[in-house]
Amino acid sequence: MPPTQTQPPTRTPAPVAPSRAVAARGTDGAVAPPVSRRHTRSLRRAADRSTGATPATPLVYLTLAISVLLAAGPLYYMVVMASRPNSDITSIPPPLTPGDQLGENISRVFANQDVMFAQAMVNSVLVAGLATVSVVVLSALAGFAFAKLAFRGRNALLLIVIGTMMVPVQLGLVPLYMLMGKLGLAGTLPSALLPFLVSGFGVFMMRQYAAQAIPNELIEAARVDGASTTRIFFSIVFPILRPAAAVLGLLTFMERWNDFLWPYLTLDAEHPTVQVALSRLSGGYYTDQALVMAGTLLGTLPLVIVFIVFGRQIIGGIMQGGVKG
């Protein structure tokens with residue numbers, strides 16, 4: 001018999017890993033163009049760096065730079081003038097770098113007995129601070145009442161509040177001054193504070209915010225749990241109103257701090273505010289511009305500090321209100 005021939009065993013070929021250069025097929029069977037390794041890495045880096053925001057163009061950067069220059073330029077020049085002697089302020093061309101006399105000029109401002117700048121700073125802090133607290137609290141209470149509480153005459157009272165915003169402040173100066181005189185407060189610090197403990201604009205602003213930000217179901221649920229109206233306001237409503245309250249507080253503080261006309265009319269020489277003290281610095285036959293700039297710098301610092309302290313909360317509140325749907 002012829003010898004039996006043994007067939008070699010058949011081997012199944014091992015699967016070959018597809019190369020990165022091999023074209024990938026889509027769901028429809030179409031062959032996609034090959035993607036190089038460099039292009040893949042660049043796409044991966046772009047995806048890692050992406051934050052979902054539209055990239056800024058050079059025109060955007062230029063616009064921002066011009067805006068910052070226009071906003072911060074006067075403040076920087078005020079610092080330069082406040083740190084220079086009076087002779088440098090009138091020089092041509094004017095200096096553009098700070099000097100070394102800032103401390104001396106500030107000391108001269110506080111040493112001026114006719115101005116009483118230290119007392120003016122304390123008075124302005126008291127008037128602006130107390131007015132801010134009062135306006136925020138009373139406006140929040142009134143805004144919550146107008147937005148979420150049902151009572152007779154609500155719309156009519158709201159129209160009256162809005163109507164007070166249309167009356168210019170100058171028309172009420174003479175009646176207010178006569179009223180302060182009859183109350184025995186003319187010339188004293190309370191006369192600069194009492195007429196501004198509440199604001200029609202603040203009431204309207206808080207009413208609009210409360211009407212949109214506070215759902216009626218939340219208040220009804222609190223009433224079902226047995227909470228009183230006062231408890232609902234301080235535990236539920238006011239925390240929701242904090243962003244609007246922060247904005248209103250900043251605007252009120254700036255308005256009271258920068259107010260000049262009413263304190264100038266109602267306060268005597270022994271109770272000035274910052275703006276009245278600055279008018280005394282710039283008055284007279286000879287004006288020391290370095291002294292005026294130093295006083296203006298001191299009067300601006302509290303506003304900058306308030307914005308730095310509460311600016312993040314204000315901006316965060318605005319952004320939080322902007323994303324609510």
The range 137-179 scanned against label point 7 Å out from residue 227 along Cα→C-beta; backbone N under 18 Å for 140-150
Approximate spin-label separation residue 264-residue 78, in nm, with each point projected 7 Å along Cα-to-Cβ: 1.7
Of all the accessible heavy-atom surface of the range 252-313, with the other protein chains kept in place and a 1.4 Å probe, what percent is carbon and sulfur? 65
How much solvent-accessible surface does residue 259 expose, in Å² to the nearest 10, with a 1.4 Å probe and all protein chains in place? 30
Rh by Kirkwood over Cα pairs, then Stokes-Einstein D for the range 167-325 at 0.890 mPa s and 25 °C, µm²/s: 129
If ligands, DNA and RNA are left out, what is the accessible area of residue 198 with a 1.4 Å probe, given in Å² to the nearest 10? 80
Can you give the accessible area of residue 217, probe radius 1.4 Å, in Å² rounded to 10? 130
In this structure, the FRET efficiency calculated for residue 182 and residue 61 from their beta-carbon separation, with R0 = 56 Å, to the nearest 0.05, is 0.40
At what distance in nm do the modelled label points of residue 122 and residue 305 sit from each other, each positioned 7 Å from its Cα along Cα→Cβ? 1.5
Principal axis dimensions, the range 50-206 - Cα atoms, whole angstrom, descending: 66, 60, 26
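The values are calculated or read from the model by the stated rules, or taken from the named source; none is laboratory data. Remember, predicted model here, so these are calculated numbers, not experimental data. Every residue, glycine among them, receives a Cβ derived from its backbone with ideal geometry; neighbour counts consider all protein chains shown. These accessible areas exclude ligands, DNA and RNA; they are computed on the full protein's heavy atoms, side chains included. Shrake-Rupley method; radii C 1.70, N 1.55, O 1.52, S 1.80 Å.
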